[in-house]
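Asks: Before I ask anything, here is the structure I am working with.
The values are calculated or read from the model by the stated rules, or taken from the named source; none is laboratory data. Everything numeric here is computed off the predicted structure, so don't read it as measured data. Cβ atoms come from the backbone with ideal geometry, glycine included; neighbour counts cover every protein chain shown. The area values use the complete protein model at the heavy-atom level, side chains included, leaving out ligands, DNA and RNA. Shrake-Rupley method; radii C 1.70, N 1.55, O 1.52, S 1.80 Å.
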Amino acid sequence: MDIESLNVMEFDDVGGSGREDNVAAPDLERPDDFHLEYNSNNNSNNQDLLEGPSTASSTSNWDPNLEPFEGMEFDSEQAARIFYNSYARRIGFSTRVSVYQRSRRDGSIICRQIVCSREGFRREGNENRSKRQRTITRVGCKAQMTVKKQSCGKWAVTKLIKEHNHDLVPPDKVHCLRSHRHVSGPARSLIDTLQAAGMGPSGVMSVLIKESGGINNVGFTKVDCQNYMSSSRQRTLGSGGQVVFYYLKQMQAEDSGFFCAVQGDFDNSTGNIFWADANSRMNYTCFGDTVTFDTTYRTNRYRVPFAPFTGWNHHGQPVLFGCALLLNESESSFVWLFETWLAAMSGRHPISITTDQDRIIRAAVSQVFPGTRHRFCKWNIFREAQEKLSDVYHSHPAFEVEFQRCINMTETVDEFESCWESLVERYDLGNSEWLQSMYNARQQWVPVYLMDTFFGEMSTMQGSDSINSYFDGYINASTNIQVLIKQHEKAITNRYEKEVKADYDTMNAPPVLKTPSPMEKQAANLYTRKIFMKFQEELVETLAYPATVIDDMGSTITYRVAKFGEDHKAHFVRFQVFEKRASCSCQMFEFSGIICRHILAVFRVTNVLTLPSYYILKRWTRNAKSQVVLDEHALGLPSNSQESFAVRCDKLSQKALKYIEEGAESTHIYNVAMNALHEATRKVAAAKKQGLVPIQNTLVNGSQQLQPCCLDQDKKIQELTDELKHASQQCEAYLSKLLAVLKDMEEQKLKISVKIQNVRLNLKD
């Protein structure tokens, strides 16, 4: 049985300094498809925190005063953890993770037990090992919540014990509990910067207290600050550095499109590291219009400072653009990382980027991406609000719902401003410096101000989730560097399989059309299945949205569009008659790339029967990844270099799906396609017999250095490439001839039909 050691949160009595070890794990029976893993907290310096989820819970819009109950469902295991920890903060106790189960099929966690930090007892014999007496904090408390992953993907509470056998902590002391205090990501960056300038712990703490508006708002103690500054001087990957180095060398050998760079001294495992494989770089050429820089590790106290760059593919699934290990969080380090990532992506800037609201990251983004729209992650802001406005959250349970409604549900700037002003006045928040700072930055995180920019999300609510979704279920606060590399590879494989499955479903499971509209049929043939379902939802809704002309300037007509019975929620559409182009006040198309129901309602009354090409973003279509030409020189690849296995599979599968679709149109085309396929199979078999050796490269100080390859191999590869190209041209020629024959047949049929009609007319005369 594989045992993974986890760092856990523990209860820290107010004024106490001691902690106790977990009770020894019992010997439990285990099914074959999973194994149990237990927490080990032998490290007395362990302060890892389970603070926030990597995806938001389905409870995010529920009453924040809601009590947990058996059967309660969450979108993810991490969402369950943040809910229980939030509940614990409200009640007055600290939490930590306990026994959990991991599936043997894919290594993901399928069951998690979250307990009161005073659960269990100190292990016997530990007193003799310690040089000082430690405060007894483990008192055998039974309070816990167990969640288990269901077949539908949700996580449900299967066991719940609410009763505690100890006193609970009052609200004014709850911030001292271990699971409710930590050195946050923005604080880390500020500490790193001040420490680099030569400032000591006392000076740093003074700045933090001033910045936070009081010591109670800092979120951690001076001892925590000292410990962090001490650990930062020694921060390295340790023995895990060799694991990372071996992985990078292996990837360099297997993938000629692999890019990696190191800042600082890699040999001593103290340098920041960035890497991206060829598949990530190719994905960016297709879907690099919007990017998320995921720094969940900073808010959740991850053991490994792992920060991926992600986006959305044509199925609306998370897609990877590269990964980083950050051992230094100063502004210069983030500038280095962004510049390195941009170089790996051929220097092409994204339209938008989403990060947390830390001013260090903000400064780095503005320096490296001056023309890119920068958005702050709402999930981080909502999470920080629980800390900065903890008194309001505690005394006014309805505040959280109203706060989120003000951010997510307002549709116009005026509506948001009015709602915000009302909220501040009703809860007497006019003196909150943090809330005022968030209001001053509202154009970078409130959806109503961001709708004019593409972020690739299907709704404004999507941004409320945690930005860490690509590695959800694979990497968490307990993952060490050795496990991270394995889980990183598993996550990539799993995501690739999901994309292939979505491609297959799109090609082989045509959606059910709900209207006779030619536009719906057109969209069904263009979009991927998931994107079409969203478009179809908008199209069907137009039946309840009448469009009324309110201004006619001849070439431009303005329509008022509102749902029947909801005239107070009208939107306005400006329609350019000759260009057949429209813009809507809701700006859904600008934000998500999917045309809205309001424009579709105008198209319906103006007889625009098919979707104009302007409204069809290739990134959402079935062919989003077809005909992608990588700039091989910019990527640092030789013109005839071989690609990674994943990239080759992806390209072949895309070509094969398109080939199948065209080759099955008729019996004749099918026979032509099969003959070409047999010929290609023969040539591939002949090539395999040659035993060609792939080109390899090595890693030298973060740069790629290609080793020379045999000229004969290069020549053979080029010959096979030419033959394959020639075979493809032959197939295209056959197809063109066939289409010409079919066209001639149609013309002949038309001529014969005209002659028959003339004969009938003559007979009548």
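Asks: Any chance the stretch 623-640 includes a residue that's of a type in the set (Gly, Ala, Ser) and either in a helix (DSSP H, G or I) or modelled with pLDDT of 60 or more (or both)?
Replies: Initial filter on the stretch 623-640 (of a type in the set (Gly, Ala, Ser)): 624, 626, 634, 636, 639.
If we keep only those that are either in a helix (DSSP H, G or I) or modelled with pLDDT of 60 or more (or both) too, we end up with 624, 626.
Within the stretch 623-640, one or more residues are of a type in the set (Gly, Ala, Ser) and either in a helix (DSSP H, G or I) or modelled with pLDDT of 60 or more (or both).
Asks: Taking the stretch 589-607 only, how many residues are closer than 18 Å to ALA544 by Cα and either open to solvent by less than 30 Å² (accessible area, probe 1.4 Å) or of a type in the set (Val, Ile, Thr) (or both)?
Replies: Kept after step one, since they are closer than 18 Å to ALA544 by Cα, are these residues of the stretch 589-607: 595-607.
So of that shortlist, the ones also either open to solvent by less than 30 Å² (accessible area, probe 1.4 Å) or of a type in the set (Val, Ile, Thr) (or both) come out as 595-596, 598-603, 605-606.
Residues that pass the stated criteria total 10.
Asks: Another one. Out of all the residues in the stretch 211-253, which are at pLDDT 70 or above, closer than 30 Å to ALA344 by Cβ and surrounded by 17 or more Cβ atoms within 10 Å (Cβ to Cβ)?
Replies: If the condition is that a residue be at pLDDT 70 or above, closer than 30 Å to ALA344 by Cβ and surrounded by 17 or more Cβ atoms within 10 Å (Cβ to Cβ), then GLY241, VAL243, VAL244, PHE245, TYR247, LEU248, MET251, GLN252 are the ones that fit.
Asks: Scan (1) of a type outside the set (Phe, Trp, Tyr); (2) touching a residue at least 12 places away in the same chain (Cβ under 8 Å); (3) closer than 21 Å to PRO612 by Cα; (4) exposed (fewer than 14 other Cβ atoms within 10 Å of the Cβ) for the single condition ALA544 breaks and write down its number.
Replies: Status for ALA544: all satisfied but (3).
Asks: Restricting to the stretch 409-420, name every residue that is surrounded by 13 or more Cβ atoms within 10 Å (Cβ to Cβ) and not hydroxyl-bearing (Ser, Thr, Tyr).
Replies: Within the stretch 409-420, MET409, GLU411, VAL413, GLU415, PHE416, GLU417, CYS419, TRP420 qualify.
Asks: Is it the case that GLU566 is over 14 Å from VAL605 (Cα atoms), acidic (Asp, Glu) and touching a residue at least 60 places away in the same chain (Cβ under 8 Å)? Working first, answer last.
Replies: Working: over 14 Å from VAL605 (Cα atoms): yes; acidic (Asp, Glu): yes; touching a residue at least 60 places away in the same chain (Cβ under 8 Å): no.
Considered against the rule, which asks whether it is over 14 Å from VAL605 (Cα atoms), acidic (Asp, Glu) and touching a residue at least 60 places away in the same chain (Cβ under 8 Å), GLU566 comes out as no.
Asks: Would the stretch 525-539 turn up any residue that is closer than 28 Å to PHE603 by Cβ, touching a His at 6+ places or on another chain (Cβ under 9 Å) and in a strand (DSSP E or B)?
Replies: Yes, the stretch 525-539 contains at least one residue that is closer than 28 Å to PHE603 by Cβ, touching a His at 6+ places or on another chain (Cβ under 9 Å) and in a strand (DSSP E or B).
Asks: Hey, any hits in the stretch 589-596 for a residue that's within 24 Å of the chain's Cα centre (by Cα), in a loop (DSSP other than H, G, I, E, B) and on the phi > 0 side of the Ramachandran plot?
Replies: The answer is yes, given that some residue of the stretch 589-596 is within 24 Å of the chain's Cα centre (by Cα), in a loop (DSSP other than H, G, I, E, B) and on the phi > 0 side of the Ramachandran plot.
Asks: Something else now. For the stretch 318-405, list the strands (runs of 3 or more DSSP E) that sit wholly inside it and hold at least 2 residues that are open to solvent by less than 10 Å² (accessible area, probe 1.4 Å); which are they?
Replies: Values: elements: 318-325, 352-355, 373-376.
Where strands (runs of 3 or more DSSP E) fall fully within the stretch 318-405 and carry at least 2 residues being open to solvent by less than 10 Å² (accessible area, probe 1.4 Å), they are 318-325, 352-355.
Asks: Also, I was wondering about something else. Of all residues in the stretch 144-172, which are open to solvent by 30 Å² or more (accessible area, probe 1.4 Å) and touching a Gly at 6+ places or on another chain (Cβ under 8 Å)?
Replies: ASN165, LEU168, PRO170, PRO171
Asks: What are the pairs with Cβ atoms under 6 angstrom where one residue, in the stretch 499-522, is closer than 12 Å to ARG622 by Cβ and the other, located anywhere, is assigned to a helix (DSSP H, G or I)? Sequence gap at least six, or different chains.
Replies: Here the result reads ASP505/ARG529; THR506/ARG529; MET507/LEU657, each pair linking the stretch 499-522 to a residue that is assigned to a helix (DSSP H, G or I).
So that you can scan it fast, the table gives a plain yes or no per residue for (1) over 26 Å from GLN587 (Cα atoms); (2) more than 19 Å from the chain's Cα centre (by Cα); (3) open to solvent by less than 20 Å² (accessible area, probe 1.4 Å); (4) modelled with pLDDT under 90:
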| site | (1), (2), (3), (4) |
| --- | --- |
| ILE407 | no, yes, yes, no |
| MET438 | no, yes, yes, no |
| TRP445 | no, no, yes, no |
| SER464 | no, no, yes, yes |
| ASP472 | yes, no, no, yes |
| ILE481 | yes, yes, yes, yes |
| LYS514 | no, yes, no, no |
| PRO518 | no, yes, no, no |
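Asks: Mind listing just one residue for me: the one in the stretch 66-76 that is closer than 19 Å to TRP379 by Cα and at pLDDT below 85 and, of those, most open to solvent (accessible area, probe 1.4 Å)?
Replies: Residue satisfying both the conditions and the ranking: ASP75.
Asks: When only residues in the stretch 289-303 that are at pLDDT below 75 and either assigned to a strand (DSSP E or B) or hydroxyl-bearing (Ser, Thr, Tyr) (or both) count, which is most open to solvent (accessible area, probe 1.4 Å)? Steps first, answer last, please.
Replies: Pass one, the stretch 289-303, residues at pLDDT below 75: 297-303.
Pick out the ones that are also either assigned to a strand (DSSP E or B) or hydroxyl-bearing (Ser, Thr, Tyr) (or both) and you get 297, 299, 302.
Working: TYR297: 3, THR299: 9, TYR302: 27 Å².
Among those that are at pLDDT below 75 and either assigned to a strand (DSSP E or B) or hydroxyl-bearing (Ser, Thr, Tyr) (or both), it is TYR302.
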